[in-house]
Structure formats: structure tokens, C-alpha cells
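Please read the structure below before turning to the comments.
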Amino acid sequence: MFAASCYSLHTKRTYSEWIKQFVKFHQLNERAGLFENSEAKIEAFLSYLATERKVASATQNQAMNALVFLYKQVLNMPLPQRIEAIRSKTSRHIPVVLTIDEVKLVLPRVEGVAQLVVKLLYGSGLRITEAVRLRVQV
């Protein structure tokens, strides 16, 4: 499904999972089912995520992006500009982060390669999976 693209492995896996859930939700047994009433199917799935599963708005957006990728990149079928689905409510969740003083307390307690990874996570904002996949080339 994903040609030589610039998507991370994490994104590819996530999109694949959302597409599987979409297909399962609509009980699609053949590819042709994806082309029939596609906008209504997308709206129904996204509305279901918001109302029944009560997912966060970021999660619903991720599902939408996966479906946009499916239709535009895989099926070569453009979608309308606007999908009119019920939207999840945005939360005012403030992420928990360490203060500079807390970071100064944690860093000396980690040694070696683990310390380097922790510094990369803190300094660059990498995901853990991205940081542990880095390779040093000499």
C-alpha cells in the first residue's frame, strides 16, 4: 500500500490499522465497496468514532488522514473538500513535561547510550521509537 514514501514506519502502521477498522466497520468484503458512497461511509465512520467510541479530536483527525491517504494515494479517488462528520470535542489537555530542574536531576542518573537517547528525546522531540532506531555512521 505504501510505495517508497516519506511516511515513518509508525505512521504506516497507524494508517493501516485505521483503514482496517474502516473496512471492518462497513463490513466491506471487496474493493468495489470502497467506491460506493465513499463520502457517506467516511462521514459515518468518523461520526461513529466521535459519538460511540468517544475518541479525542487528534485521534479522529488521524483516522481522517488515513482515509484521505487511502482514497487519494491508493485508490486515486479524490474526496470532496469537506467531510461533514460529527467532530470530537477538543480537550484542553496540557501535556506533562519536566521542568529544567527536573531534567537536571534525571540526566546524571542515566548513563551511556541510554543517556544519549534521553538527551536526544529531550532536545529534539523525537519519539522513543525514532530515537532507538537511529544509527551512528562513522
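Tabulated data for the structure shown
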| read-out | value |
| --- | --- |
| Share of carbon and sulfur in the accessible heavy-atom surface of the chain [1.4 Å probe, %] | 55 |
| Given 15 as the ceiling on other Cβ atoms within 10 Å, longest exposed-site-free region of the chain for trypsin sites (Lys or Arg not before Pro) in DSSP loops | 1-52 |
| Rounded accessible area per residue of segment 1-56, 1.4 Å, Å² | 65 |
| Within segment 32-138, chymotrypsin sites (Phe, Trp or Tyr not before Pro) in DSSP loop having at most 11 other beta-carbon neighbours inside 10 Å | F35 |
| Additional length obtainable on full extension of the chain from L107 to A32, 0.36 nm per residue less Cα span | 21.5 nm |
| Whole-Hz couplings from phi, Karplus 6.51/-1.76/1.60, listed for segment 104-120; x for Gly and Pro | 5, 7, 7, 3, x, 8, 10, 10, x, 4, 4, 5, 4, 5, 4, 5, 5 |
| The chain - charge dipole about Cα centre, Lys and Arg +1 at Cβ, Asp and Glu -1, debye rounded to 20 | 200 |
| Debye intensity ratio in log₁₀ form over the Cα atoms of segment 42-85, taken at each q of 0.14, 0.25, 0.26, 0.32 Å⁻¹ | -0.31, -0.87, -0.92, -1.15 |
| Farthest positive-ward along the chain dipole, Cα basis, beta-carbon charges - from A58, V132, V106 | V106 |
| Pairs of lysines in the chain (C-alpha under 23 Å apart; 8 or more residues apart or interchain) | 15 |
| Alpha carbon centroid spacing (whole Å) that separates segment 119-138 from segment 1-69 | 29 |
| Extended-chain gain in nm, criterion 0.36 nm per residue less alpha-carbon gap, S57 and E84 | 8.3 nm |
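The values are calculated or read from the model by the stated rules, or taken from the named source; none is laboratory data. These figures come from a predicted structure and were not determined experimentally. FYI the Cβ positions are ideal-geometry reconstructions off the backbone, even for glycines, and counts take in every protein chain you see. When the accessible area is computed, the model is the full protein with side chains, heavy atoms only, and any ligands, DNA or RNA have been set aside. Shrake-Rupley method; radii C 1.70, N 1.55, O 1.52, S 1.80 Å.
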